[in-house]
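Written out below as structure tokens is the structure these notes cover.
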Amino acid sequence: MKKLILLLLVPMVSFGQTADDLHTSGNTKKNLKDYYGAINDYSKAIELDPDYEPAYYNRGNAKKNLKDYKGAIEDYSKIIELDPNNTTAYNNRADAKLYTVDYYGAIRDCNIGLKIDPNSQILYITRGEAKQGLKDLNGACADWKKAERMDSNFKTILINEYLNKYCN
């Protein structure tokens, strides 16, 4: 009888999915724009490993794609709790806050991120977007010009679009 129980348990253990497996499955679903399925897989990965930052990151992105900005902010906040120096999480949370019209909160997140990495071009872009939302075009243009001067090709088209539209 013990052998039978053991034999029945072995397949269940060998076919159990890991947090990495679920995260990969979530990414596949996200790439197919099955955001609900992706969120489900990321949530299961987090159940298995509550400190699994990539699952929070991608779940936050999937929630943002579904316009669940509050949920996205919660996931990015969890990443910051796990890793207070994660500038990508600060930027993504700031970006989600833009959609909730929390411009001051977005600026705070960008400022914290820029204290960690003063050369983050994306944080200057996002902070400029928040300042533009507050109708502070001088501040927005200053941030976008600083981003433009940085040695990076990241989002150059977007920076030029902002500069041409708001700063000329």
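Each reported figure results from applying straightforward, stated rules to the coordinates on display, with no laboratory input. Since the model is a prediction, treat every value here as computed from it, not as a measurement. Cβ: placed from backbone, ideal geometry, glycine included. Neighbour counts: every protein chain shown.
What to note about this one:
- Two-site label geometry, A142 and L66: point separation in nm, points 7 Å out along Cα→Cβ: 4.0 nm
- Coil-residue trypsin sites (Lys or Arg not before Pro) of segment 95-145, DSSP, other Cβ within 10 Å capped at 13: K135
- For mean projected area of the Cα convex hull in nm², the candidate list reads (i) 25.8; (ii) 11.9; (iii) 9.8; the entry that matches the value derived from this model is (ii).
- Within the chain, longest stretch free of exposed chymotrypsin sites (Phe, Trp or Tyr not before Pro) [DSSP loop, at most 14 other beta carbons within 10 Å]: 16-153
- Estimated FRET transfer efficiency (T156, L82; beta-carbon r; R0 22 Å; 0.05): 0.10
- Across segment 56-70, rounded Karplus estimates of 3J(HN,Hα) from the backbone phi angles (6.51 cos²θ - 1.76 cosθ + 1.60, θ = phi - 60°) give 5, 4, 6, 5, x, 5, 5, 4, 4, 4, 8, 6, 8, 5, 4 Hz, Gly and Pro being marked x.
- Count, lysine Cα pairs under 15 Å in segment 103-168, 8 or more residues apart or across chains: 7
- Spatially close Lys pairs in segment 17-83, defined by Cα atoms under 18 Å apart and a spacing of eight or more places or different chains, total 16.
- Note on K33 and N119: with the Förster distance fixed at 35 Å, the Cβ-Cβ geometry gives a FRET efficiency of about 0.55.
- Each helix, a run of at least 4 DSSP H residues, gives -39500 (n - 2.57); summed and divided by the residues of the chain, these come to -25000 deg cm²/dmol at 222 nm.
- By the Cβ-Cβ criterion of under 4.7 Å, the unpaired cysteines of the chain are C110.
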